[in-house]
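The values are calculated or read from the model by the stated rules, or taken from the named source; none is laboratory data. None of these values were measured; they are calculated from a predicted model. Positions of Cβ are generated from backbone atoms using ideal geometry, with glycine treated the same way; all protein chains shown enter the neighbour counts.
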Amino acid sequence: MRIRRTFTNDFKREIAEAVISGQAFQLEISRKYGISIVTISRWKKEYQAGKFFENKNPDTTRLEIKVKELKRLVGELTVENRTLKKIIELVEPQKNGRVSGRKICLLA
């Protein structure tokens, strides 16, 4: 018979945050810790409902979750923005310079 394990709220919160933020996949965490994917999904729902926060005020909890989501989104957009700037830096010399030994004529 399998022994029932118990996890602290801090551990559950860490797992939920890792999955929600995209740092790790549910399957990856499931295999690493031997936790069911269904359990991880339940922890995500409980996290989003504010169960793992010390502050019991639901409004504050919702705002904290929203702030974390927005920080994650800002991080994604920053990476995307930097990538696009690098692409532009690589393409600009080709637009203004020579390509294959011939000058490019740009129409305005």
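Those residues that are free of Cβ contacts under 8 Å to residues at least 12 places away in the same chain, farther than 22 Å from L73 by Cβ and aliphatic (A, V, I, L, M), I need them from segment 12-56; list them, please.
L27, I37, V38
Which number in (1) part of a helix (DSSP H, G or I); (2) surrounded by 14 or more Cβ atoms within 10 Å (Cβ to Cβ); (3) basic (K, R) marks the one condition that K51 misses?
(1)
Is one or more of the residues making up segment 38-47 loosely packed, with under 14 Cβ neighbours inside 10 Å and in a loop (DSSP other than H, G, I, E, B)?
No, that holds for no residue.
All but one of (1) surrounded by fewer than 17 Cβ atoms within 10 Å (Cβ to Cβ); (2) in a helix (DSSP H, G or I); (3) among the basic types (K, R) hold for K12, so report the exception by its number.
(1)
Quick one: would you say V67 is under 16 Å from the mean Cα position of the chain (by Cα), loosely packed, with under 14 Cβ neighbours inside 10 Å and either in a helix (DSSP H, G or I) or modelled with pLDDT of 90 or more (or both)?
Against the criterion (under 16 Å from the mean Cα position of the chain (by Cα), loosely packed, with under 14 Cβ neighbours inside 10 Å and either in a helix (DSSP H, G or I) or modelled with pLDDT of 90 or more (or both)), V67 qualifies.
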